[in-house]
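**Student:** Shown below is the structure under consideration.
The values are calculated or read from the model by the stated rules, or taken from the named source; none is laboratory data. These numbers were taken from a predicted model, which means no experiment stands behind them. Here the Cβ is made from the backbone with ideal geometry for all residues, glycine too, and neighbour counts use every protein chain on show. The area values use the complete protein model at the heavy-atom level, side chains included, leaving out ligands, DNA and RNA. Shrake-Rupley method; radii C 1.70, N 1.55, O 1.52, S 1.80 Å.
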Amino acid sequence: MKNLQDEKQRDLLINKSDGTNKFLTTDQGVRINDDNNSLKAGERGPSLLEDFILREKITHFDHERIPERIVHARGSGAHGFFEVTNPIPELTKAGFLQEKGLKTPVFTRFSTVAGFRGSTDLARDVRGFAVKFYTQEGIYDLVGNNIPVFFIQDASKFPDLVHAVKPEPHNEIPQAASAHDTFWDFISLMPESMHMIMWAMSDRAIPRSYRMMEGFGVHTFRLVNEAGESTFVKFHWKPKLGTHAVAWDEAQKISGKNPDFHRQDLWEAIEAGNFPEWELGVQIIPTEDENKYEFDLLDSTKIVPEELVPVKIIGRMVLNRNPDNFFAETEQIAFHPGHVVPGIDFSNDPLLQGRLFSYTDTQLSRLGSPNFHEIPINRSVAPVHNNQRDGHMRQEINMGRVSYHPNSLGGGCPYQAKIAEGGFYSFNERIDAHKIRERSESFNDHFGQAKLFFNSQTPVEKSHIVKALRFELGKVETTAIRVRMLGLLSQVDRELAEKVAIGLGATVPPILETPINHGVSPENENGKHEPRTVEQSVQSSDALSMLKNPTNSPTIASRKVAILCSDGVSEAAVSNMKKALLKEDAKGCIIAPHLGAVISDTDAEIHVDFSFLTASSVLFDAVYIPDGLGLSVLAESDEVNEFLNDAYKHCKVIGADGKAGAVLSAAPFASKITNEDQGLIITEEAASDKFVSDFISAMEKHRFWDREPNLYN
Ligand code: HDD
């Protein structure tokens, strides 16, 4: 197996053009003499139809947009590699998982689901986590999310789910938000979504960065080894930087201050050499254990708790190169759960089975042709030979007269590969069943794992779920929908439902108002598909809580600190902090009343990165006010007060040394400051190393949520 460490091999397949030092030409290669004026009858006369240069340019421009993805329209991606750290040849024959150290190029695209292409990155939403592996045996796509379960169990409900969450059709409001009637109307009638709703209302749905999210394949897949034996598998991506979120109020403010926050964060981290990294893990479930659990492995609304089946790490992914062109690469990349290589196969999960149809179909309308696999970003590095021909924008020039199989005129080529030669052979699962349009009763537990998720959260995380539900349902206008949701929530946790109800000024209904569960099935009428709660073998799982899982190696790498300055600022304090941050691969940005420079206490000019007008606390991870003279300018500034107030409210680290503590004493939250607050690093000593190291240690903790009013204390 060839090691593809050199990504240039992939680039060789791609026509890149940077247009530098070249004559401007038409699309037909004719050099252009004047690109600024159209051809006219006289200087002040009408333009002439003859102007083929103008017509070509405008025609191309008129057709520059393609339909955006029906879901996951908003996203960002990067190139990188996947490296095997722990090969699993006993489980799979997939070539890219066979050898320790083997590297495979990847392109990974992260996305939100509901918003349009230009919508904010910080919507409360599931994040897509799709990885394309360019393996030597063909393309493998792992098209997952940052949440390990899904809203629905059967693909036939996907269009309904998406119609419900997208902006409402009469007025196209709201953009990139689930907080509206049609979404909650649908959810309140779909008890199977309750587990997913717990995740979507948790802080998982407002990540701090794409680089700080877990990823999941969601479905149970199959691995198949050389001997043709199969095991079930769940895929997990674990971020090296840990899993972190922002606060909901912060998310909403970021959406205004910088809707490209996640896109920019990913781009800048890679440009700065802070390459995001994840471990790939697998949960391996022997086929004989298929029916061992209280949940069905084929049900995408269920996880396999890590307490039952641990995650085994098999490799790592590093994203180390930004795309050269967003449209050509990130927009035109086409993922498909059905792009698998020998050694990886499907389970009968009815959600996955429907996806296997949907993705190619959608590319036909989005990219416009069955030849989308020829677009450079979608090309396989394994040779492609078959009898597919023609179609819009065909790139390949197939030689000869033979485009059928079997043939003798072409010497029998291309010929079928035997299994031993790497021919894909579907796992020969025995199926003996009636053809029915029905759901398995083993899918009926809609609340058991929703409870498990909720019980696994810390009080802060539970409190955030309540507040998110109050917000979302608070935006719902139809009272009956809110009440139905309270009924469903009460099946997950009575206290949760009651706390949400307080925010809505409503009461939790005594019994669940009969939800219509997969109403298409006549069996529902005799109770066969009544939603139920099954006793769980695991009551609480630490792996499900972000706060119980701080990263193994705390780091502030790539974090941004706002350093609030005015003239007279202590040069020593600023440079001490900046140097220490740089050592940790973090960045200190100088923010001052105006751009240009501030003059320090030693008359040095310190370059200003942002003015108060263009910066905002929500765009930074921590705030530092250095010692200095003239600090009253900061203490009296409304913008500084707002800055500090947000940083405090969003539970960030705030540091002040020397005389700068006075600025905090003037802040609106001063009366709330307590000695117990470990996120406030204040000292009268100026520019001390201890202060800087305390500040950095506090930043490693990410947030000090104890500052918030907690509904579960
Ligand atoms: Fe999907 C895109 C993930 C269920 C139909 N999906 C899409 C993307 C991700 C997912 C990450 C964006 C890929 C990219 O960056 O281009 N989808 C999921 C997950 C699901 C899921 C984790 C459940 C476990 N999806 C799902 C179902 C259907 C679809 C049940 C249809 C029956 N998904 C699509 C699609 C999209 C898509 C319409 C839109 C654009 C695209 O495929 O290329 O075909």
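**Student:** Looking only at the stretch 33-57, count every residue that is of a type in the set (A, V, I, L, M) and open to solvent by 80 Å² or more (accessible area, probe 1.4 Å) and tell me the total.
**Tutor:** Residues meeting the conditions: 1.
**Student:** Here is a further query. Out of all the residues in the stretch 115-123, is one or more part of a strand (DSSP E or B), among the β-branched types (Val, Ile, Thr) and away from the ligand (no atom under 14 Å from the Cβ)?
**Tutor:** no
**Student:** Can you give me the number of residues within the stretch 65-101 that are touching a residue at least 12 places away in the same chain (Cβ under 8 Å) and part of a loop (DSSP other than H, G, I, E, B)?
**Tutor:** 23
**Student:** Considering each residue of the stretch 138-178, count those that are open to solvent by 60 Å² or more (accessible area, probe 1.4 Å) and part of a loop (DSSP other than H, G, I, E, B), and give that number.
**Tutor:** Selection size over the stretch 138-178: 5.
**Student:** Something else: Out of all the residues in the stretch 156-184, which are touching a Ser or Thr at 6+ places or on another chain (Cβ under 7 Å), within 25 Å of residue 299 (Cβ to Cβ) and touching a residue at least 24 places away in the same chain (Cβ under 8 Å)?
**Tutor:** Passing the criteria: only 165.
**Student:** Here's another thing I want to ask about it. So which residues in the stretch 422-459 are part of a helix (DSSP H, G or I) and aromatic (Phe, Trp, Tyr), if there are any at all?
**Tutor:** Once the filter is applied, which keeps residues that are part of a helix (DSSP H, G or I) and aromatic (Phe, Trp, Tyr), the stretch 422-459 yields 443, 453, 454.
**Student:** Moving on. Does residue 232 satisfy being within 16 Å of the ligand (Cβ to nearest atom), open to solvent by 10 Å² or more (accessible area, probe 1.4 Å) and touching a residue at least 40 places away in the same chain (Cβ under 8 Å)?
**Tutor:** no
**Student:** If you don't mind, there's one more thing I want to ask. Of the residues that make up the stretch 325-340, is at least one among the aliphatic types (A, V, I, L, M), modelled with pLDDT of 95 or more and within 11 Å of the ligand (Cβ to nearest atom)?
**Tutor:** Yes, the stretch 325-340 has at least one match.
**Student:** Moving on to the next point. Tell me, which strands (runs of 3 or more DSSP E) lie completely within the stretch 612-713 with 1 or more residues that are open to solvent by 10 Å² or more (accessible area, probe 1.4 Å) and closer than 24 Å to residue 576 by Cα?
**Tutor:** Where strands (runs of 3 or more DSSP E) fall fully within the stretch 612-713 and carry at least 1 residues being open to solvent by 10 Å² or more (accessible area, probe 1.4 Å) and closer than 24 Å to residue 576 by Cα, they are 680-683.
**Student:** Filter the stretch 124-137 down to the residues that are open to solvent by less than 10 Å² (accessible area, probe 1.4 Å) and away from the ligand (no atom under 12 Å from the Cβ) and list them by number.
**Tutor:** 133, 134, 135
**Student:** Among the residues of the stretch 36-89, count how many are in contact with a strand residue (DSSP E or B) (Cβ under 8 Å, 6 or more places away or on another chain), within 16 Å of the ligand (Cβ to nearest atom) and among the hydrophobic types (A, V, I, L, M, F, W, C).
**Tutor:** Residues that pass the stated criteria total 2.
**Student:** Same structure again: Pick from 689, 677: which is touching a residue at least 60 places away in the same chain (Cβ under 8 Å) and among the acidic types (Asp, Glu)?
**Tutor:** Of the residues listed, the single one that is touching a residue at least 60 places away in the same chain (Cβ under 8 Å) and among the acidic types (Asp, Glu) is 689.
**Student:** Where in the stretch 193-297 are there strands (runs of 3 or more DSSP E), lying fully within it, with 1 or more residues that are within 19 Å of the chain's Cα centre (by Cα)?
**Tutor:** So the answer is 230-239, 277-286.
**Student:** Considering only residues of the stretch 534-549 that are surrounded by fewer than 17 Cβ atoms within 10 Å (Cβ to Cβ) and more than 21 Å from residue 465 (Cα to Cα), which is modelled with the highest pLDDT?
**Tutor:** Out of the qualifying residues, it is 537.
**Student:** Let me ask something additional. Condition first: of a type in the set (Gly, Ala, Ser) and near the ligand (Cβ under 10 Å from one of its atoms). Now tell me which residues in the stretch 148-181 satisfy that.
**Tutor:** Selection gives 155, 156.
**Student:** Please determine, by comparing only the residues of the stretch 341-363 that are of a type in the set (Gly, Ala, Ser) and within 16 Å of the ligand (Cβ to nearest atom), which one is farthest from the chain's Cα centre (by Cα).
**Tutor:** The extreme case among them is 347.
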